[in-house]
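Here the structure comes first, spelled out in structure tokens, and everything after it is commentary.
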Amino acid sequence: MLLRRPRYGQHCVVIAANKSDLLSALEQLAHELDAGQVLRGEPLAARGLTLSTEKLALMTLWRASEQEEVRRRLDTVTSLNPDINVPAYPLDSKRYWIDDREDEQVADASASTQADSALSTEAFVEELRAAVSDLLGFAPDELSRDVLIEELGLDSLSALKLLAPYQQRCPGLQAHDLFKYPTLEDLAAGIAATGAESAAVVEDKVIAEAPRESASPAVFGRMAQWLSYGEGRSVILAPPLNTSAEAWTQQINALTQSGRRVLIPIYPGHKDCPSYAATFSLERLAEDMAIFIKQELNRGAVDLVGWSLGDCLSCLIAIHHPDLVRSLTLISTAPNFGEDVFGNTLDLHDELKAHRDILEIVFDGAEDIVASLGAGAPMSVLRYYYDALMCFDVNARLGGIAMPVLLTHGQNDCIIDEATFDRLRRIPQAAELVVKGHGHFIPLTASQFFNTQLLHFLNGEVIG
């Protein structure tokens, strides 16, 4: 079992032969952490790590989601020693949270159902105030019970950390539920109601969701801002949510050196671009990008390269304005997303950290890779995007995408599974690029291979 202490950037490995040993080891670890006996911020070697080479290799493979190799190594061990019983279930890196706050009102996991029903909204308010104070550095007395959540400065990662202990105790609570509640008091009431298996939600406490995508996009004024690099045939690189142009660092040079002009949108609410929250939808943003292509480029069709959120926007442009799109490259995307799209944020952060060695070189030794890639969108903005992504669905329109398409998928993608990727194969002229050993961040983690294949595709050459 690998334990992660998000607040301290710390990982601990616990090895146990049975449930009893595991519980004892966890109890001892918790005691050491609370007593300050475990060093924080020190390299593993300084902590006297006693893992064998074999166990350290297994842990490294498991963290990198190399499940087949982990299973192969374990099967080799069991073949040599029949007394060892390796479980049949997959080693799927599921995330379990250990609540390490000192608040005595935090319920013990073994009696969570009874404790949750007994805790009052007031108790949850105090817990939330303590948690926000811990996450963001506020003094507890600075946080009133009616403080607006969207004004706290939470990003997607800290928001998930805030909700995580309650999701374990209240199975009905979803990560995106945070967007429903204006204040900490409202959120506390929602947690209490969910924990008591109550479906009662006070209507005037709920913020309306972003409007669902319409079949025909309306025309609005300019929403996105644009960055331009190089000269030549235009290529648009549409980045993921809350991601800056730096995510395309390794593609910009390759494309400009091949005689192309690279254009990258800055989405509403990202960097210094106004948010337009009152009128936001993916359809409207896609239409705004189409207007830019028509009016500003004035050079006919362009090559569209989308990544995650950028894929959704690129698909909408290709569907509604096929005359503007010469070719379409879709990276790490889905024709629709479920309600867990927000909850997967932590897994994306872990994937970036698994490729830290490569990315530190790309970003010149930056210690915080996530911050280097981020576009600074606050939760007050991100909630509109997440609401829109949960409504996004182009499954019925995939057959109408008529231009050449390159589908790019990482086998270890923690967001897009194989079944989801398979639905994209309904696109008539789609070529496929499946990258083994990589996940959601192929343009960053497999840049050389991806750049070569992308240029082949843009030049009308065979992919492979």
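Mind listing the long-range amide H neighbours of C414? Cut-off is under 5 Å, sequence gap 5 or more, other chains count too, H placed in the peptide plane at 1.01 Å from N.
Here the answer is H440, since their amide H atoms fall under 5 Å of that of C414.
Based on the Cβ-Cβ distance from S258 to E122, what FRET efficiency comes out when R0 is 60 Å, to the nearest 0.05?
0.45
Applying 1/(1 + (r/R0)^6) with R0 = 60 Å to the Cβ-Cβ distance of L136 and Q429, what FRET efficiency is obtained, to the nearest 0.05?
0.80
Short version: ³J(HN,Hα) in whole Hz for each residue of region 392-405, in order, from phi by Karplus 6.51 cos²θ - 1.76 cosθ + 1.60 (θ = phi - 60°), x for Gly and Pro, what are they?
Values, residue by residue: 5, 7, 10, 3, 6, 10, 4, x, x, 7, 9, 8, x, 10 Hz.
Using 0.36 nm per residue of separation minus the Cα-Cα distance, give me the extension gain between D417 and S24 in nm, one decimal.
137.9 nm
In terms of modelled amide H atoms, which long-range or inter-chain residues lie less than 5 Å from the amide H of I266?
For I266, the qualifying residues are Q225, W226, L227.
For a 31 Å ceiling on Cα separation, which of these pairs sit above it: K55/K436; K180/K294; K271/K436?
The answer is K180/K294; K271/K436.
Could you tell me how far the Cα centroid of region 386-406 sits from the Cα centroid of region 274-305, in Å?
A separation of 16 Å, based on Cα centres.
Solvent-accessible area of D21, probe 1.4 Å, all protein chains present, reported in Å² to the nearest ten, please.
Probe radius 1.4 Å; accessible area of D21 about 70 Å².
The values are calculated or read from the model by the stated rules, or taken from the named source; none is laboratory data. No experiment lies behind these values; they were computed from the predicted model shown. All Cβ positions, even for glycine, are placed from backbone atoms using ideal geometry, and neighbour counts span all protein chains on display. Just the protein is used for accessible areas: all its heavy atoms, side chains included, with ligands, DNA and RNA removed. Shrake-Rupley method; radii C 1.70, N 1.55, O 1.52, S 1.80 Å.
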